[in-house]
Amino acid sequence: MLTGDQKSRHLVTNASGFTITLGDTQPMSLDNGTQFGPFDIAYQTYGVMNAEKSNVILICHALTGDQYVASEHPVTGKPGWWDDMVGAGKPIDTERFFVICINALGGCMGSAGPKEIDPKTNRPYGLEFPVITIADMVRAQKLVIEQLGVDQLFCVVGGSMGAMQVLEWASRYKDNVFSAMPIAGAARHTAQNIAFHEVGRQAILADPDWHGGNYMEHGSVPRRGLGVARMTAHITYLSEAALHRKFGRNLQNRAQPSYGFDADFQVESYLRHQGSTFVERFDANSYLYITRAMDYFDLAAEYGGSLAAAFDGVKARFCIVSFSSDWLFPTAENRAIVHALNAVAADVSFVEIESDQGHDAFLLDEPEFRRVARGFIDSCAEQRGLGRPDR
């Protein structure tokens with residue numbers, strides 16, 4: 001439900017959510033030095049904003065996520081990607097909170113990105129789209145929040161790349177965040193993280209259907225490259241134990257190996273399916289831009305090499321969450337954030353969830369994680385004067 005303040009002259013509603021045009025009178029400054037605008041940002045909301053606008057939760061999505069956090073996806077027809085977490089009576093309770101999820105700048109579900117039309121040329125941006133950073137994504141989100149008339153977000157929540165955005169929010173806009181929950185994240189991308197992304201990008205760049213990034217004008221899609229990029233990344237989202245439990249060395253619809261290069265094993269078939277379905281909903285150039293934004297993320301570097309300095313003066317209450325089998329953003333990276341927050345006497349709690357489901361555990365059925373998230377949000381809500389839930 002929209003409040004009156006949301007009905008600005010820039011706001012356009014459509015069947016799949018909301019789109020707002022930003023930067024039309026004052027372009028947004030990007031980290032690469034360019035001025036960007038006008039540009040569109042798409043978002044989705046759930047629940048009702050209270051009169052004080054004090055119950056707003058911003059959910060920041062991961063690399064391949066989007067704004068459809070708790071509603072049917074218009075492309076895949078599947079439930080929202082965090083449907084177990086967000087909704088009436090769920091840890092992020094839409095009967096108590098106004099939830100907003102914004103398609104990241106550079107994305108491909110309505111926000112300005114390389115597949116969208118450049119208003120200056122009336123052609124798809126392609127590689128003319130500016131290289132962006134996590135901070136740029138957050139700047140765009142801040143503009144949306146300002147348009148909604150919200151001075152301070154009750155909570156900013158996100159996993160993986162979403163956790164990077166949460167950290168950027170809490171450090172950059174210290175007066176505008178009451179509480180923050182970065183999940184399965186890190187304050188920087190490691191060399192190993194960058195290496196995996198580079199493999200994916202090179203697969204896309206090597207696909208002859210990529211056409212130097214202008215595949216839309218050629219009527220083609222770099223399916224093979226984007227599919228391989230997804231397959232490679234998907235391995236990093238799981239743990240060895242989870243893969244073994246799910247597939248083992250089981251053969252796919254055969255009793256004997258083919259002694260060829262077909263998908264003999266179930267795990268091969270699974271990865272091929274992940275790659276092919278991903279191509280149907282995601283843009284190859286967006287994958288290049290967003291992975292690059294993650295690679296550039298190094299919060300300490302923004303503050304002279306000191307992660308503690310990034311949080312100096314921070315006011316938000318933090319709950320840092322990691323998963324024991326996450327080897328993409330391991331617990332050690334999350335503890336480094338906790339240590340930096342401790343160094344500036346910030347209000348921080350830390351939980352490592354025992355799980356063998358790997359990095360993607362925050363998206364899966366993990367009752368202990370849901371209990372932790374609900375407890376943190378309910379506690380902060382009480383401190384915020386939003387009361388206790390009726391249970």
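The values are calculated or read from the model by the stated rules, or taken from the named source; none is laboratory data. Everything quoted here is computed from the prediction, not taken from an experiment. No Cβ is skipped: glycine too gets one built from the backbone with ideal geometry, and neighbour counts run over all protein chains shown. The accessibility values were calculated without ligands, DNA or RNA, using every heavy atom of the protein model including side chains. Shrake-Rupley method; radii C 1.70, N 1.55, O 1.52, S 1.80 Å.
Given the options T121, T64, T133, name the one that is without any contact (Cβ under 8 Å) to a residue 12 or more places away in the chain and of a type in the set (S, T, Y).
Numbers: T64 fails: without any contact (Cβ under 8 Å) to a residue 12 or more places away in the chain; T133 fails: without any contact (Cβ under 8 Å) to a residue 12 or more places away in the chain.
The unique qualifying residue is T121.
Scan the range 258-266 and give yes if some residue there is of a type in the set (D, E, K, R), in contact with a helix residue (DSSP H, G or I) (Cβ under 6 Å, 6 or more places away or on another chain) and modelled with pLDDT of 95 or more, otherwise no. Break it down into steps so the answer makes sense when it comes.
So in the range 258-266, the residues of a type in the set (D, E, K, R) come out as 262, 264.
Narrowing further to those that are in contact with a helix residue (DSSP H, G or I) (Cβ under 6 Å, 6 or more places away or on another chain): none.
No, the range 258-266 contains no residue that is of a type in the set (D, E, K, R), in contact with a helix residue (DSSP H, G or I) (Cβ under 6 Å, 6 or more places away or on another chain) and modelled with pLDDT of 95 or more.
Considering only the range 157-181, how many residues are more than 11 Å from the chain's Cα centre (by Cα) and either buried (at least 24 other Cβ atoms within 10 Å of the Cβ) or of a type outside the set (S, T, Y) (or both)?
Counting residues in the range 157-181 that are more than 11 Å from the chain's Cα centre (by Cα) and either buried (at least 24 other Cβ atoms within 10 Å of the Cβ) or of a type outside the set (S, T, Y) (or both) gives 14.
Which one is most open to solvent (accessible area, probe 1.4 Å) among residues in the range 68-78 that are under 24 Å from A229 (Cα atoms) and free of Cβ contacts under 8 Å to residues at least 24 places away in the same chain? Break it down into steps so the answer makes sense when it comes.
Looking only at the range 68-78, we keep the residues that are under 24 Å from A229 (Cα atoms), and these are 68-69, 73-78.
Among the residues that remain, those that are also free of Cβ contacts under 8 Å to residues at least 24 places away in the same chain are: 77-78.
Values: G77: 42, K78: 128 Å².
Ranking the qualifying residues of the range 68-78, first place goes to K78.
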Report summary line: So, first residue farther than 17 Å from E368 by Cα and at pLDDT 95 or above in the range 87-102, second residue surrounded by fewer than 18 Cβ atoms within 10 Å (Cβ to Cβ) and of a type in the set (D, E, K, R), Cβ within less than 6 Å, six or more apart or across chains; the pairs are A88/E95
**Report entry** Number of the condition not met by G275 [criteria: (1) more than 20 Å from the chain's Cα centre (by Cα); (2) assigned to a helix (DSSP H, G or I)]
**Finding:** (1)
**Report entry** Selection status of H189, farther than 30 Å from S349 by Cα, within 19 Å of the chain's Cα centre (by Cα), touching a residue at least 12 places away in the same chain (Cβ under 8 Å) and open to solvent by 10 Å² or more (accessible area, probe 1.4 Å)
**Finding:** no
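Considering only the range 375-391, state which residues are surrounded by fewer than 17 Cβ atoms within 10 Å (Cβ to Cβ), among the charged types (D, E, K, R) and not in a loop (DSSP other than H, G, I, E, B). If you could, list the steps in order and put the result at the bottom.
If we filter the range 375-391 for residues that are surrounded by fewer than 17 Cβ atoms within 10 Å (Cβ to Cβ), which is where we start, we get 375, 379, 382-383, 385, 387-391.
Going one step further and asking which of them are among the charged types (D, E, K, R), we end up with 382, 388, 390-391.
E382, the sole residue that qualifies.
For K142, state whether it is more than 13 Å from I290 (Cα to Cα), in contact (Cβ under 8 Å) with a residue 12 or more places away in the chain and either surrounded by fewer than 18 Cβ atoms within 10 Å (Cβ to Cβ) or charged (D, E, K, R) (or both). Show your work before the answer.
On the way: more than 13 Å from I290 (Cα to Cα): yes; in contact (Cβ under 8 Å) with a residue 12 or more places away in the chain: yes; either surrounded by fewer than 18 Cβ atoms within 10 Å (Cβ to Cβ) or charged (D, E, K, R) (or both): yes.
So K142 fits the description; yes.
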Report summary line: Of the residues in the range 242-268, those that are farther than 19 Å from G358 by Cβ, open to solvent by less than 50 Å² (accessible area, probe 1.4 Å) and hydrophobic (A, V, I, L, M, F, W, C) come to L251, A263
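How many of the residues in the range 341-370 are in contact (Cβ under 8 Å) with a residue 12 or more places away in the chain, more than 23 Å from E168 (Cα to Cα) and outside any strand (DSSP E or B)?
Restricting attention to the range 341-370, the residues satisfying the condition of being in contact (Cβ under 8 Å) with a residue 12 or more places away in the chain are 341, 343-344, 346-363, 365-366, 368-370.
Checking the rest, the ones that are also more than 23 Å from E168 (Cα to Cα) come to 353-358, 365-366, 368, 370.
If we keep only those that are outside any strand (DSSP E or B) too, we end up with 354-358, 365-366, 368, 370.
Adding up the residues that qualify gives 9.
Identify, please: which residue in the range 35-52 is farther than 24 Å from P114 by Cβ and free of Cβ contacts under 8 Å to residues at least 24 places away in the same chain and is, among those, most open to solvent (accessible area, probe 1.4 Å)?
If we filter the range 35-52 for residues that are farther than 24 Å from P114 by Cβ, which is where we start, we get 45-52.
From the residues that got through so far, the ones that are free of Cβ contacts under 8 Å to residues at least 24 places away in the same chain too are 51-52.
Working: A51: 97, E52: 133 Å².
Among them, the one singled out is E52.
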Query raised in the report: Can you find a residue in the range 53-67 that is open to solvent by 10 Å² or more (accessible area, probe 1.4 Å), of a type in the set (A, V, I, L, M, F, W, C) and touching a Gly at 6+ places or on another chain (Cβ under 6 Å)?
Result: yes
